[in-house]
1. In region B:143-174, which residue that is in a loop (DSSP other than H, G, I, E, B) and either free of Cβ contacts under 8 Å to residues at least 24 places away in the same chain or among the acidic types (Asp, Glu) (or both) is surrounded by the fewest Cβ atoms within 10 Å (Cβ to Cβ)?
2. Take A:Leu215 and tell me if it is touching a helix residue (DSSP H, G or I) at 6+ places or on another chain (Cβ under 9 Å) and open to solvent by less than 20 Å² (accessible area, probe 1.4 Å).
3. Determine the pairs where a residue that is of a type in the set (S, T, N, Q), located within region A:32-58, has a partner that is modelled with pLDDT under 85 and open to solvent by 50 Å² or more (accessible area, probe 1.4 Å) with Cβ atoms under 8 Å apart, the partner being 6 or more residues away or on another chain.
4. Do you know which of the residues in region B:45-65 that are aliphatic (A, V, I, L, M) and assigned to a helix (DSSP H, G or I) is surrounded by the most Cβ atoms within 10 Å (Cβ to Cβ)?
5. Is it the case that region B:66-87 has a residue that's within 25 Å of A:Arg277 (Cβ to Cβ) and part of a loop (DSSP other than H, G, I, E, B)?
6. Take the residues in region B:85-102 that are buried (at least 23 other Cβ atoms within 10 Å of the Cβ) and farther than 13 Å from B:Arg145 by Cα; name whichever of them is farthest from the other protein chains (Cβ to nearest Cβ).
7. Which one of A:Ala248, A:Ala230, A:Ala242, A:Ala252 is closer than 28 Å to A:Ile107 by Cα and either touching a strand residue (DSSP E or B) at 6+ places or on another chain (Cβ under 6 Å) or within 14 Å of chain B (Cβ to nearest Cβ) (or both)?
8. For B:Ala245, state whether it is assigned to a strand (DSSP E or B) and in contact with a strand residue (DSSP E or B) (Cβ under 7 Å, 6 or more places away or on another chain).
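The values are calculated or read from the model by the stated rules, or taken from the named source; none is laboratory data. What you are looking at is a predicted structure, and each value in this text was computed from that prediction instead of being measured. Cβ placement follows ideal geometry from the backbone for every residue including glycine, while neighbour counts extend to all protein chains displayed. Side chains included, ligands, DNA and RNA excluded: accessible areas come from the protein's heavy atoms. Shrake-Rupley method; radii C 1.70, N 1.55, O 1.52, S 1.80 Å.
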Amino acid sequence: MTLRKRWFAAGLAAVAVATVAGLAFGPVRLSPVGVALELLHLHSGLTPREAAIVTELRLPRVVLALLVGATLALAGGCYQGVFRNPLADPYLLGVAAGAGLGATAVIAVKHNAGSLAVPPAAFGGALVAVALTYVLGATGTRYRTPATLILAGVAVTSFLTAGQTYLQQRDAGTIREVYSWLLGRLSTAGWHDVLLMLPYAAVSAAVILVHGRSLDVLAVGDEEATSLGANPQRTRVLLIVAASLGTAAAVAVSGLIGFVGIIVPHTVRLLVGTGYRAILPLSALFGGAFLALADLAARLVLAPAEVPIGVVTAFLGAPFFIVVLRTVRQGSV
Amino acid sequence: MSTAASGGNTVEVRGVTVALDGRTVLSGVDLDARAGEWLTVIGPNGAGKSTLLRAVGGALSFTGSVTIFGTSTADLARRARARLVATVPQQPTVPPGMVVEDYVLLGRTPYIPALGRESAADRAVVHRVLERLDLTRFASRPLARLSGGERQRAFLARALAQEAPLLLLDEPTTALDIGHQQEVLDLVDELRRDQGLTVLATTHDLSVAGEYADRLVLLAEGRVAAAGAPAEVLTEELLSRHYGARVRVLPGEHGPLVVPVRW
C-alpha cells in the first residue's frame with residue numbers, strides 16, 4: 001500500500017471513529033460497539049429507545065457535522081490553491097460573513113432560518129464578499145504579501161458583519177432566529193438541514209475534486225501556467241465559485257464555524273506533502289472527522305449545557321493560524 | 001516531435017510592438033530564427049529582451065505577428081502552443097514544498113486532458129528527462145531545497161518535458177556561477193543538437209552570447225539595432241553606442257570575446 005493510500009485509509013477510519021463517537025456519547029451514554037452495529041443494521045443489543053436516539057436524534061447531527069466539516073476544509077484547501085496563499089480560508093476571506101449577510105437578509109424577511117431560500121441568498125452574499133476581497137487584496141497593489149489578502153478579508157468581514165448586525169437588530173423576531181442560527185445550528189440539526197445542504201455541497205465538492213491537477217499547475221503562477229497550456233483565469237473563477245457555493249451552504253445550515261478551512265488542509269499538507277490531488281480528498285475526510293469530533297467536544301465540555309461549536313473551532317484554530325502565519329513569514333510554506 | 005516547417009524558419013516575428021503600462025517597450029521588432037538554430041537576444045537593461053521572449057511565448061498581448069512553424073500564434077490554442085514552445089522564465093516560480101518530479105510533470109500539462117490524469121507515457125517522458133538532466137536522485141526532493149545549478153536544471157527539465165521543438169530561455173544563467181553557467185549552456189547545446197531544438201535565449205553576458213549563439217540580435221530601446229553572426233554584432237562600436245560600455249572585443253575560438261576595460 002502506498003503512503004497516500006494509507007492516509008486515505010486513515011481518513012476513512014477517522015470518519016468512522018468520529019461518527020461512532022458522535023453517536024455514542026451525550027446525555028445518554030451508549031456502547032460504541034452497539035452504536036456501530038446499529039449503524040450497520042446488525043443486531044446491536046440497543047433498546048428501541050436507544051436505537052431511536054442514535055438514528056433520529058444524533059445521526060442527522062453527526063452527518064451534518066461531517067458534511068459541513070468536509071465542505072469547509074475542501075473550500076479552504078481550494079482557496080489556498082486558487083489564491084496561492086496559505087492563509088486563505090472561507091472565514092478569513094470574508095466569504096462566510098458574506099454568506100451570513102445573505103442568509104440574515106432572507107431570515108429577516110421570512111422569519112425562518114430553515115427556509116429553502118437561505119442557501120441561494122448565502123451563496124449570493126458569499127460571491128459578493130469573495131469578489132470584494134479579491135479586488136481589494138489580490139489586485140492593484142504591487143507589493144503584496146499573503147497577509148494583504150487576509151487584511152482585505154478582515155475589512156470585508158467587518159463591513160459585511162456590520163450590515164448583517166444591522167439587519168438582525170431591526171426586529172425582535174429576526175434577532176431570535178438569527179441568533180439560534182449564528183451560534184451554530186448543529187445542535188438542532190435534523191435531516192431537513194442535511195437535505196438542504198447536500199445538493200450544494202455535492203456540486204461544490206465534485207467541481208473542486210476534479211480540479212486537483214489544475215490547482216497544482218496554478219502553483220507556478222498565471223504566466224507560467226499559461227505557457228504550460230492551462231487557462232488559470234478560467235480555472236480560478238470556476239473554483240472560487242465552487243468553493244464559495246460550498247461555504248455558503250455550510251453557513252446556511254450551520255452558522256459561523258471558523259478555522260476548519262485552515263487547520264485541516266495544512267495538517268494534511270504536513271502529512272502528505274503538496275499535490276492537490278491528495279490534499280483535497282484527504283481534507284474532505286479529515287475535515288468531516290474533525291468537525292464531528294469538535295461537535296462532540298462542544299456537547300461534552302460543559303454538559304449538560306453546550307458550547308457553540310464555532311467557539312471550539314476558534315479555540316483550536318486561532319493558535320494554529322498564528323503558527324501558519326509564522327511559517328509563512330519564514331518562507332517555508 | 002515535429003520538425004521545422006518547409007520555410008526553414010521556426011520563428012518569424014514581424015513588426016511586434018508591445019506597450020506595458022502605457023510605455024512602448026518594443027516597437028516594430030522583426031526577427032527570424034531558423035530551425036535548429038541558437039539565436040540569442042542581447043541588449044542593455046530595459047531594451048525589451050524579456051518582453052520579446054514573452055511575446056513569442058504568448059505570455060502578453062502585442063500588435064504585429066509572431067509565426068511559429070508556419071502558424072500565427074494568434075491562431076494557436078493554448079495547449080497547441082504549449083506543445084510547440086517551452087519557456088524557462090527569468091525567475092521561475094518555485095512552488096513551496098513541490099518536489100522535483102511533480103514539478104517536471106507540470107511540463108506534461110499540454111498533453112494531459114483538462115480534468116484527466118497523466119498517462120504512463122507522460123510518466124516515462126518525465127523519467128527520461130530527469131535521467132537526461134542527471135536529476136533522478138533529486139526526484140522526490142522539494143525544488144526549494146536544491147542548489148542554484150540543480151534548480152536551473154529542474155526548470156530546464158520542466159520545459160523539456162513539454163517536448164516542444166522551440167525552447168525560450170530568458171537569462172538562463174544569471175543566477176549561476178561561471179562553472180554552472182557553462183554546465184547549463186553546454187547541456188542546452190547538446191540537447192539542441194540531439195533533439196533538433198531551436199533555442200531563442202536572452203543574456204547579459206556578451207562573451208557567453210558569442211560563444212554559444214549561431215546568431216545574435218541586439219535590441220536597444222525596443223528596436224532591433226543589429227542582427228547577424230556574433231562577429232557582426234559584438235563590435236566595440238555597437239557595444240559602446242548601445243550599452244555605453246568600454247570594451248575590447250578579442251577574437252575567440254567560437255566567437256568574439258568581449259572584455260570590459262577601464263579607461
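1. B:Ser147
2. Criteria met by A:Leu215.
3. none
4. B:Leu52
5. yes
6. B:Val88
7. Testing whether each residue is closer than 28 Å to A:Ile107 by Cα and either touching a strand residue (DSSP E or B) at 6+ places or on another chain (Cβ under 6 Å) or within 14 Å of chain B (Cβ to nearest Cβ) (or both) leaves just A:Ala242.
8. Against the criterion (assigned to a strand (DSSP E or B) and in contact with a strand residue (DSSP E or B) (Cβ under 7 Å, 6 or more places away or on another chain)), B:Ala245 does not qualify.
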